Amino acid sequence: MRARIATPLVRLLKPRLIDGRLRKGPVRALATTALHVCVSSPITGGIGAALFTNPDDFASVYVTALATTMPMTMFASFFIIGPVVKLVCHNRIKPASGLRALQTMEHCATPVARFLGM
């Protein structure tokens, strides 16, 4: 969902909302993260509410889910996931060893998926 729907919408909205107003730094990163969350969270919340509730309860479950998941998604994206991905991609994975890491992940994907019940 994020790759096919949210990222194209963010690419469309970011130049209009963020690029001309904010310079590089933590404020711009926070605004970009907020834009990603504001685009993707309502879509995934709507899909989840539609799948797991009765049609009569959709609106209340959807609003409750957004009120709960949007702040937590913002916090996790900016303070946990973003720094970890930047640390791993920018500092730890070198081009020569990056292919080895991907091959190891591919080799271990099936056992990990089984362990997680997928």
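The values are calculated or read from the model by the stated rules, or taken from the named source; none is laboratory data. Treat the numbers as computed from the prediction; the structure is a model and nothing was measured. Note that we place each Cβ from the backbone using ideal geometry, even for glycine, and neighbour counts take in every protein chain shown. Ligands, DNA and RNA are stripped out before the accessible areas are found, and what is left, the full protein with its side chains, is counted by its heavy atoms. Shrake-Rupley method; radii C 1.70, N 1.55, O 1.52, S 1.80 Å.
Please indicate, with yes or no, whether at least one residue in region 55-64 is crowded, with 17+ Cβ neighbours inside 10 Å, closer than 22 Å to Met1 by Cβ and among the aromatic types (Phe, Trp, Tyr). Yes, because at least one residue in region 55-64 is crowded, with 17+ Cβ neighbours inside 10 Å, closer than 22 Å to Met1 by Cβ and among the aromatic types (Phe, Trp, Tyr). Residues in region 11-63 that are free of Cβ contacts under 8 Å to residues at least 24 places away in the same chain and closer than 23 Å to Lys86 by Cα: 14 in all. Report, by residue number, each residue of region 31-49 that is closer than 12 Å to Arg2 by Cβ, open to solvent by less than 30 Å² (accessible area, probe 1.4 Å) and among the hydrophobic types (A, V, I, L, M, F, W, C). Result: Val37, Val39.
Selection over region 15-30 of residues that are open to solvent by 30 Å² or more (accessible area, probe 1.4 Å) and assigned to a helix (DSSP H, G or I) gives a count of 9. The C-beta contact set for region 73-96 (first residue within 25 Å of Cys38 (Cα to Cα), second residue at pLDDT 70 or above and open to solvent by 100 Å² or more (accessible area, probe 1.4 Å), distance under 6 angstrom, 6+ apart or interchain) is empty.
Of all residues in region 1-14, exactly one satisfies the criterion of being under 12 Å from the mean Cα position of the chain (by Cα), in a helix (DSSP H, G or I) and surrounded by fewer than 11 Cβ atoms within 10 Å (Cβ to Cβ), namely Ala3.
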